[in-house]
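Where a number appears in this text, it was derived from the coordinates with a stated rule and is not lab data. Treat the numbers as computed from the prediction; the structure is a model and nothing was measured. Cβ sites come from the backbone with ideal geometry, for glycine too, and all protein chains shown count toward neighbours.
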Amino acid sequence: MKSGFCPASELAKALKIAAQVVERRDTLPILKHVLIDARDGEFTITAGDDGVQFTQRLDAEIAEPFTCTAPAEKLSQIASAVPQDKAITLKLRENARLGVSAGRGHWQLPCLKPDDFPLMPPPETGFSVRVMAQAWAELIERVRGFAGEVPGKTHFSGPLWHVRDGIASLAATQGHCLVSAPYRDLAWPEDAPEIAIGPKALRVMASMGAQASADEEAKFAWSESLTHYQQGGAELIGKTLVGTWPDYSKFLPQDVASPLRFDPAHLLAAIKRVQIIAPSKDPALELTPTDGKLVIATFAKDGASEANEAVSAECSKTFPTAINPNYLTQMMAAIGGDTIEVHQSGPNENALFRRVPSDGAVGMIQPLKTLVKPEAETEEAQ
């Protein structure tokens with residue numbers, strides 16, 4: 001009988017990652033499926049599209065080897081819904097159906113021809129580093145939210161894996177703000193190319209690392225055209241993004257003698273309260289440091305509502321700066337720490353963000369035009 005079984009919890013974890021690779025809107029039906037190969041005491045689950053391929057090997061009891069495909073999303077939902085302490089059985093039936101059973105539940109899913117599933121060739125990568133899987137995932141999460149589409153620069157949709165001050169780092173930008181964060185104490189391989197990692201590959205690597213144990217290691221390898229991430233019995237192959245990043249260090253502001261310093265937790269709480277009356281489209285906050293405090297303010301576009309709040313801060317400069325609150329909130333999360341310092345030489349100059357004490361990460365935000373409060377509409381005017 002062409003069947004096999006494994007713990008439902010292990011299959012559910014593998015399929016949760018695989019489902020992130022599958023393109024739900026893809027026009028090719030086969031790319032909405034996962035490839036299942038059952039043999040030699042393992043289930044091998046593969047999901048892919050044109051630029052990314054995820055493979056997970058799971059220990060299994062195999063009665064008779066088989067290969068098939070199954071709808072990724074449905075199979076993932078089933079594996080996650082059954083009791084996780086039970087075994088789940090996959091059985092290939094003669095009518096091109098995959099039987100799934102666990103506990104008292106039984107399902108049948110349609111299969112497509114496994115020969116039609118497009119497999120990427122084994123990657124050839126000449127450079128690699130060993131990382132702690134959880135730390136790698138945390139590094140990705142610090143920067144990936146800043147990657148975005150920039151007209152004419154599709155390579156900015158994924159972060160730059162590069163060397164900065166001799167340390168391997170990730171940097172991301174969407175044109176208005178930028179973050180660069182290092183993987184601490186990780187030396188850059190000699191002659192290794194700098195690459196832009198695709199956003200889907202990055203997202204899947206973060207999910208893989210989030211599932212890792214605290215002391216689990218992983219291997220990240222790359223060439224100019226491919227990335228290859230291996231963690232336990234799983235691996236992810238991804239195509240790099242085509243394009244050349246500029247030397248972003250040239251755009252980072254210089255340090256000022258007396259930077260603004262504040263507790264990001266206190267500022268974040270204040271922003272949430274003040275932002276209640278901010279417009280949802282094109283929101284803006286005005287930040288004014290003065291007399292040991294930082295005043296944040298905003299108002300509605302009709303001028304009828306406004307809000308401000310002061311938080312404690314170390315500061316000497318007094319000029320106001322307008323900034324997108326979403327960028328500021330995201331920046332504080334990426335920089336982290338108990339204290340953040342901001343270096344800015346003028347209200348219309350880029351602002352540099354850094355943790356105190358520094359962990360090597362830096363961020364930059366372009367300010368908005370200084371806010372001008374509109375005249376409130378009167379009843380007569382209405």
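See the values below:
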item: Most fluctuating residue given options LYS86, LYS239, LYS200, as computed from a GNM of the chain linking Cα atoms under 10 Å; result: LYS86
item: Prolate/oblate/rounded call for the range 147-217, Cα gyration tensor, a/c under 1.5 rounded; result: oblate
item: Cα-only Debye scattering, the chain: base-10 log of I(q)/I(0) at q = 0.06, 0.09, 0.13, 0.14 Å⁻¹; result: -0.32, -0.66, -1.03, -1.12
item: Ordering of 272-279, 173-180 by packing [mean C-beta count within 10 Å, highest first]; result: 173-180, 272-279
item: Long-range HN-HN contacts of TRP188 with modeled amide H, under 5 Å; result: ALA168
item: Between the range 149-221 and the range 3-63, the Cα center-to-center distance that results, in Å; result: 25
item: Residue of LYS250, LYS16, LYS153 that the Gaussian network model of the chain assigns the largest fluctuation, springs spanning Cα pairs under 10 Å; result: LYS250
item: Rounded Å value of the spacing that divides the Cα centres of the range 75-114 and the range 232-268; result: 43
item: Trypsin sites (Lys or Arg not before Pro) within the range 280-309, DSSP loop, no more than 16 other Cβ atoms inside 10 Å; result: LYS281, LYS301
item: Value of relative contact order over the chain, rounded to a whole percent, pairs C-alpha under 8 Å and six or more apart; result: 13
item: Relative compactness, the range 3-116, computed as alpha-carbon Rg over 2.2 N^0.38 Å; result: 0.96
item: Rg/Rg_globular for the range 252-365, with Rg_globular taken as 2.2 N^0.38 Å and Rg from C-alpha atoms; result: 1.01
item: Spatially proximal lysines relative to LYS91 (Cα-Cα < 30 Å; intrachain offsets below 8 disregarded); result: LYS2, LYS13, LYS16, LYS32, LYS74, LYS113
item: Contact order normalised by residue count of the range 127-249, Cα under 8 Å, 6+ apart, percent; result: 31
item: Loop GluC sites (Glu not before Pro), the range 63-144, which have at most 10 other Cβ atoms in a 10 Å radius of their Cβ (DSSP); result: GLU94, GLU124
item: Candidates LEU35, LEU109, LEU285, ranked by Gaussian network fluctuation over the chain, Cα under 10 Å, top entry; result: LEU109
